[in-house]
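**Student:** Below you'll find the structure I mean.
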Amino acid sequence: MGTTWFKESKYAWIGLGSLWIIGFIGALTRFSMAFFQVQISEDLQISRGFISMAWSTNLLITAICAPVGGWLAERYGTKKVLFISAAMSTLGTGVVTLGNHSSVFFIGYGVISGLAGIGATTSYILMFEWFRHHRAKAMALLGSASSVGLAIITPIFVSVGWLTWRNAFLASFALGILVTLPVIWLGVKSLQQKDMEKPHSDLSLETEEHDKPLTVKSSPKKFLHLPLFVVVAMALFTCGINMGSVEMNLVAIHQLANVTPSMIALSMSILGIMEITGAMICGYFLDRYNKLIMMSILYGIRIIGFVFLFMHLGSSPIVFAIAFGITYLSAVPGGILVINEFANGKGQHTGVLLFFHQGGGIVGALIGGLSFDYFRNYQNLIVVDIIICILVALGYFVLYTTHRRNLRIYNKKVTVSGL
C-alpha cells in the first residue's frame, strides 16, 4: 500500500497541487479581462460589446470542446488532453500580447484560447479518480487557485500604475511556457505512473470504493433522474450567467456607480479571499450534509449579494464581494457532486454539464455588453441574475423535499417487506 495523507493517496495531493499551480497562473487572463475592460476598449478602439463578443466566443468554443475533451480524455488519457489544452491557452495569450488590432485580440482570446476548453473536464475527472473521502474539499482547493491569484494580483496592478492588461497577458504567456506546461508534464505524469504500477486487483477495489455513495440514499429507481439533471443543468447555466456577469462586468459596474478605485481594489481582493474561504466552508458542508439543501442555500446567498449590487449602496461592493465570493467556487462542483451522488453520474457526464455552464457564461457576457451599449447601465443584467438565482434555489429545494419524501416511502417499504 502506498503512503496516504488524510486517508487519500499522497499522489492525489501531488496531482492536486500541480493543478492548483496551473489554475493560479490562469488567474492572470481572468484578471485582465475583468479589470482592464475599459482600457482594452480604449487601446484597441473597440466597444465593450465587441469585448463581450470575444468573451462569449471563447466560452462558446470552450462549451463545444468540453464534451469532446471528455471523450478524448477517456480515449487518450487526461494528461495528454490537459497538456494540449494548456498549450492552446498559452498560444492564445501570446497572440493577444503580440497583436495590436481588434481582429488579433478576437482570434487570440476568443478563438485560440477557447480551444483550450478540451481540458475543461480533465480536472473534474481527475478529482473523481484521485479522491474518495475529500472530493468536495479537493475541488474547493482546486477552485481556490484562481481566487488566490485574483486576491494577490489585484492590489499589485492597482498600486503599480504603469502595469497594463498587456503586461498581464505577457506574464500569462511566459508563465504558461516556463511553469504550466512543465508542471503538467511532471506533476500529473507522476501520479499516473503510480496508478499504472498498482496491481489490477487494487485498482478494481479502488474503483469500487470510488463508486460508493458518500451518504445513504434511496433506491435510484425512487428518485427521478430527469428532473434532477434538469435542475442541475439549469443551475450550472445560471452559474455561468452569474460568472459571465461578474467576471466580465463587475469592475465596470462599480466604475459606473462612481465607486472609488481604492474601494474597487479592496472589494476585488475581498472577493478573491472570500472565494477561497467560501470554497473551504462549502466543501466541508457538502462532504457532510445533504447536497441538495446546501446548494439551495448557496444560491440563496447569491440572491442577497446581487440585491445589494443592484441597490448601489455604499456598502454594496463589500457585501456583494462577501456574498458572491462565498458561493463562487462551489456551484459547479456542487452540481456535479449532486449528479454523482443522487444519479450515479460519472466523469463522462461532466462535459455535458459544463456545456450548460459555458452556455450561461456566453449569455451573461452578451447581456452585460448589450445592456451597457443600449441602456448605458448594467441594472437589467443584475435583475436577470436575481431572478434566475431564485428559480434555481427553489428548484434545489423542491428536489430536496422530493428526495426526502421518496426516501421515507422507500424505507417504509423496506421495513414492511422485512416483517
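**Student:** Going by what's in this entry, would Val81 be described as buried (at least 18 other Cβ atoms within 10 Å of the Cβ) and without any contact (Cβ under 8 Å) to a residue 24 or more places away in the chain?
**Tutor:** On the way: buried (at least 18 other Cβ atoms within 10 Å of the Cβ): yes; without any contact (Cβ under 8 Å) to a residue 24 or more places away in the chain: no.
For Val81, the condition - buried (at least 18 other Cβ atoms within 10 Å of the Cβ) and without any contact (Cβ under 8 Å) to a residue 24 or more places away in the chain - is not met.
**Student:** Further, regarding this structure: For Thr90, are the conditions met, namely being at pLDDT 85 or above and over 25 Å from Ala140 (Cα atoms)?
**Tutor:** Working: at pLDDT 85 or above: yes; over 25 Å from Ala140 (Cα atoms): no.
No; evaluated as a whole, the condition is false for this residue.
**Student:** Let me ask you something else. Tally time: how many residues in the stretch 355-393 are over 24 Å from Val38 (Cα atoms) and either polar (S, T, N, Q) or touching a residue at least 40 places away in the same chain (Cβ under 8 Å) (or both)? Give the derivation first.
**Tutor:** Of the residues in the stretch 355-393, the ones over 24 Å from Val38 (Cα atoms) are 355-357, 359, 386-393.
Restricting the remaining residues to those that are either polar (S, T, N, Q) or touching a residue at least 40 places away in the same chain (Cβ under 8 Å) (or both) gives 355-357, 359, 386, 388-393.
Residues meeting the conditions: 11.
**Student:** Then there is this: Could you say whether any residue in the stretch 277-294 is at pLDDT below 50 and of a type in the set (A, V, I, L, M)? Break it down stepwise before answering.
**Tutor:** Within the stretch 277-294, the subset at pLDDT below 50 is none.
No.
**Student:** In this structure, is Ser52 assigned to a helix (DSSP H, G or I) and under 18 Å from Glu247 (Cβ atoms)?
**Tutor:** Details: assigned to a helix (DSSP H, G or I): yes; under 18 Å from Glu247 (Cβ atoms): yes.
It is true that Ser52 is assigned to a helix (DSSP H, G or I) and under 18 Å from Glu247 (Cβ atoms).
**Student:** Here is a further query. Taking Ile46 as the residue in question, decide whether it is part of a helix (DSSP H, G or I) and either open to solvent by 10 Å² or more (accessible area, probe 1.4 Å) or within 17 Å of Ala168 (Cβ to Cβ) (or both). Walk me through how you get there before you give the answer.
**Tutor:** On the way: part of a helix (DSSP H, G or I): no; either open to solvent by 10 Å² or more (accessible area, probe 1.4 Å) or within 17 Å of Ala168 (Cβ to Cβ) (or both): yes.
Taking the combined requirement at face value, the residue does not satisfy it.
**Student:** Quick test of your reading of the structure: Val259 fulfils all but one of (1) under 18 Å from Val319 (Cβ atoms); (2) assigned to a helix (DSSP H, G or I); (3) not aromatic (Phe, Trp, Tyr). Name the failing condition by number.
**Tutor:** Here Val259 clears every test but (2).
**Student:** Which residue pairs have Cβ atoms closer than 7 Å, lie 6 or more positions apart in sequence or on different chains, and pair a first residue in the stretch 292-315 that is more than 30 Å from Thr402 (Cβ to Cβ) with a second residue that is of a type in the set (S, T, N, Q) and open to solvent by 10 Å² or more (accessible area, probe 1.4 Å)?
**Tutor:** If the second residue must be of a type in the set (S, T, N, Q) and open to solvent by 10 Å² or more (accessible area, probe 1.4 Å), the pairs left are Phe310/Gln379.
**Student:** While we're looking at this one, here's another question. Checking Asn258 against (1) open to solvent by 10 Å² or more (accessible area, probe 1.4 Å); (2) modelled with pLDDT of 95 or more: exactly one of these is not met. Which one?
**Tutor:** (2)
**Student:** Scanning the stretch 312-332 for residues that are more than 17 Å from the chain's Cα centre (by Cα) and of a type in the set (S, T, N, Q), which turns out surrounded by the fewest Cβ atoms within 10 Å (Cβ to Cβ)? Spell out the reasoning first.
**Tutor:** Taking the stretch 312-332 as the starting set, the residues that turn out to be more than 17 Å from the chain's Cα centre (by Cα) are 312-320, 322.
Cutting the leftovers down to of a type in the set (S, T, N, Q) gives us 315-316.
Numbers: Ser315: 10, Ser316: 21.
Ranking the candidates gives Ser315 first.
**Student:** Could you please find all residues in the stretch 115-135 being of a type in the set (Phe, Trp, Tyr) and farther than 16 Å from Ile339 by Cβ? Walk me through it before giving the result.
**Tutor:** Going residue by residue through the stretch 115-135, those that are of a type in the set (Phe, Trp, Tyr) are 124, 128, 130-131.
Across the stretch 115-135, the qualifying residues are Trp130, Phe131.
For (1) among the basic types (Lys, Arg); (2) buried (at least 20 other Cβ atoms within 10 Å of the Cβ); (3) under 27 Å from the mean Cα position of the chain (by Cα); (4) at pLDDT 85 or above, each residue gets a yes or a no:
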| position | (1), (2), (3), (4) |
| --- | --- |
| Leu337 | no, yes, yes, no |
| Phe342 | no, yes, yes, no |
| Gln348 | no, no, yes, no |
| Leu394 | no, no, yes, yes |
| Arg405 | yes, no, no, no |
| Lys412 | yes, no, no, no |
| Gly418 | no, no, no, no |
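**Student:** Can you say whether Thr122 is touching a Lys or Arg at 6+ places or on another chain (Cβ under 9 Å), at pLDDT below 90, farther than 23 Å from Asp43 by Cα and not basic (Lys, Arg), as far as the supplied structure shows?
**Tutor:** Numbers: touching a Lys or Arg at 6+ places or on another chain (Cβ under 9 Å): yes; at pLDDT below 90: yes; farther than 23 Å from Asp43 by Cα: yes; not basic (Lys, Arg): yes.
Judged against the criteria, Thr122 is a match.
**Student:** Can we say Lys198 is open to solvent by 20 Å² or more (accessible area, probe 1.4 Å), within 30 Å of Ile281 (Cα to Cα) and at pLDDT below 80?
**Tutor:** Details: open to solvent by 20 Å² or more (accessible area, probe 1.4 Å): yes; within 30 Å of Ile281 (Cα to Cα): no; at pLDDT below 80: yes.
For Lys198, the condition - open to solvent by 20 Å² or more (accessible area, probe 1.4 Å), within 30 Å of Ile281 (Cα to Cα) and at pLDDT below 80 - is not met.
**Student:** Further, regarding this structure: Here are some residues: Leu309, Leu286, Leu298. Which one is over 18 Å from the mean Cα position of the chain (by Cα) and either surrounded by 24 or more Cβ atoms within 10 Å (Cβ to Cβ) or charged (D, E, K, R) (or both)?
**Tutor:** Numbers: Leu286 fails: over 18 Å from the mean Cα position of the chain (by Cα); Leu298 fails: over 18 Å from the mean Cα position of the chain (by Cα).
Only one candidate qualifies: Leu309.
Let's see how each residue does on (1) at pLDDT 85 or above; (2) more than 30 Å from Phe35 (Cβ to Cβ); (3) charged (D, E, K, R); (4) open to solvent by 60 Å² or more (accessible area, probe 1.4 Å):
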position	(1), (2), (3), (4)
Lys189	no, yes, yes, yes
Val216	no, yes, no, yes
Ile264	yes, no, no, no
Ser267	yes, no, no, no
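The values are calculated or read from the model by the stated rules, or taken from the named source; none is laboratory data. Bear in mind that the values here come from a model prediction, so they are computed numbers and not experimental data. Methodologically, a virtual Cβ is constructed for each residue, glycine included, from the backbone with ideal geometry; neighbour enumeration extends over all protein chains shown. Note: accessible area is taken over every heavy atom of the protein model, side chains too, but ligands, DNA and RNA are not part of it. Shrake-Rupley method; radii C 1.70, N 1.55, O 1.52, S 1.80 Å.
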